[in-house]
1. Taking one equal scatterer on every alpha-carbon of the range B:161-206, how large is log10 of I(q)/I(0) by Debye at q = 0.15, 0.21, 0.30 1/Å?
2. Which value, in debye to the nearest 20, gives the size of the charge dipole of the range B:228-273 about its Cα centre, when Lys and Arg are +1 and Asp and Glu are -1 at the Cβ?
3. In nanometres, what is the gap between the two model label sites at A:TRP172 and B:ASN35, each 7 Å from Cα along Cα-to-Cβ?
4. Let me spell out the model: positive unit charges on the Cβ of Lys and Arg, negative unit charges on the Cβ of Asp and Glu, origin at the Cα centre of the protein assembly as shown. What dipole size does that give, in debye rounded to 20?
5. Could you tell me the relative contact order of chain B? Use alpha-carbon pairs under 8 Å, at least six residues apart, and round to a whole percent.
6. If the only charges are +1 at each Lys and Arg Cβ and -1 at each Asp and Glu Cβ, what is the size of the charge dipole of the range A:79-148 around the Cα centre, to the nearest 20 debye?
7. Hey, got the Cα dimensions of the protein assembly as shown along the principal axes, in Å, largest first?
8. Could you give me the ³J(HN,Hα) list for the range B:70-79, computed from phi with Karplus coefficients 6.51, -1.76, 1.60 and θ = phi - 60°, whole Hz, x at Gly and Pro?
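Here, each number is a calculation from the coordinates, and none is a lab measurement. As the structure is a computational prediction, the values presented were derived from the model and not from experiment. Don't worry about glycine lacking a Cβ; one is built from the backbone with ideal geometry, like all the others, and counts go over all protein chains shown.
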Amino acid sequence: MSDERTRVAEPGSAPTAGPSTPAPDREFTVAERSQFQLVLRRFRQHRLAVVSLGVLVALVLLAYVGGALWRHDFGEFTPDNSQPPSWEHPFGTDAQGKDQFAQVLRGTQISLQIAVLVALFSTVVGTVWGAVAGYFGGLVDTVMMRISDLILTLPLLVVAAMLAHRFGGSWWLISLVIAGLYWAYVSRVSRGVVLSLREKEFIEAAEAMGAGDVRIILRHLVPNALGSIIVNATILIAVAILLETALSYLGFGVRPPDTSLGLLVSEAQTALTTRPWLFYFPGLFIILIALTINFIGDGLRDALDPQQTKVRA
Amino acid sequence: MLAFAVRRIAISVPILLLSSFIVFMLASLSGNPLNELLFRNPPPPPQVIALETERLRLDVPLLERYWLWLSGLFAGDFGPSVQSNLDIGSELASRFLVTMRLILVAMLVALLLAVVVGVVSAVKQYSKTDYSATFVGFLFLAMPSFWFAILLKQWGIEFNNAVGQQVIYTIGASSVNPPDGFWSNVADIAGHMVLPTISLALISYAAWSRYQRASMLEVMNSDYIRLARAKGLSRRRVMVKHGLRNALIPLTTVTALDLAAIISGAVVTETVFQWRGMGDFVLNGIRTNDVYVVMAWLLVTATVVILFNLVADLLYAVLDPRIRYV
């Protein structure tokens, strides 16, 4: 902002209009804030989102740091079978003596890894796909969007189960399977954003100044579409966690000896009456992760919205 | 309107074909249907394997196999199953009814709840009711459907134990020995539906009530609502006739779009409550590499989704008379 103003105030560029004496840049000075600082300030206003971010960071730290430091390994068979929660085993143990706390931490790691990889992969592919389709329009748009539509018609859970049945097992293959179906959703969102942006004056101005397609897409379209894309990616993490846990529950996701939150619930469902702690903790972790991510997404949506005027510069 | 419906269905046919082609390729390449036979111990004689190979059309090239399946459909033949005594068509028919009654009732319950809660939240914006509804909505949005379903099932069992007799059914879509008489049969089926319906409905309700709240807020803040109030119409009349009717349009779209997700949700719900519906059918098909079972499932669900979207489009015209289909 201040950049443009100083340029207008330069003597050579404004020969007729404007103040005759070199006016100050602004009538009163305020500390300049970058776009990032503005977003951060607005995000901090959303109390629920800030608390959620804190909880989520704590969960991630607990899963990775806590999982590494915890006295039991997730695959370790302790001599205590079917113990209810105690100081030794905060979440109890299962019938084989595995420490449920270690298992839940491991499950959280795997489920989070899958969700983040799905969000990253499908966001990158989907954004570029949708941006290119929306920017070029015409035949390119038609062909690319029909391909996305086709993927959107496939029944997600069943196709994912089928692919996972063939390739599944490891966490990153499952992420690729889910992401391979999810990018089509993102491409629709990103195309919609780009379609509305490319009609804006600043794109026209960039074009008039001789910017090429690549420069316009990378320097003008993507930064402006970034807000919606980030919000979408955040929500996608929550959606992916729920899908991954459902797949694992049905037996098409992560397989033993490794574990995920969905698999833990699935293993615990038959013992709900006798060992309820096995069932409740992984479920609560899933809910906590998905809930906090949804709230963070909400906060980001408010913070990144350019029309937002709640906190002024 | 009829021409519009016919055109919409005609457009869906190529999409359905392509989609079925992709799934057919995926299903055929995702595993060998003879696996179970090949790893049997003692190994079956080679003639049996040769016969099975021929029966499952595995001796035919892949593209031709797809064509055989497609042309067979017109003769009412869904193709051979890995289980030699299973007729996919008749099996599907009975399972279809089981699953569809769950999906339709759950959708109806979810819609009713979503509209009521959404409207109340919007009308009493920022009240305690609104905040609690929002919180419940977010909670169910974050809830894995299978976890909630298992929990409901457990509560059902505990309730039965406390009462001392089977009040709530927790397993199956109907009793193994259905009671005599039409009405007691209906009651039996309804009793089995209670828990699965609640668990499936509440998951979709979460998102829908948020939509309904947002669209109701938007409508109630518009000028024509203020005008309707200003010219002296009662609050109730304005809310229902002017507000709700317009606020229902976005929800119609969302509901139609979400149907595919509800079908996936039903697969999970059926697994938890051990229903022998379409979900159990397709999951078993995937596990045994039963290509034609998966294809039959795909065909039926895709057709349902397409028809449902058509109904949603036609409903717009009912809700908003400005929309005309020619």
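1. -0.46, -0.77, -1.06
2. Numbers: 7 positive and 2 negative charges, 164 e Å.
Result for the range B:228-273 is approximately 780 debye, rounded to the nearest 20.
3. 2.4
4. Its charge dipole is roughly 2180 debye.
5. Numbers: 330 pairs, mean separation 89.0, N = 326.
This gives 27 percent for chain B.
6. 320
7. Extents along the principal axes, in whole Å: 101, 69, 60.
8. After applying 6.51 cos²θ - 1.76 cosθ + 1.60, I find 5, 6, x, 4, 5, 8, x, 9, 8, x Hz.
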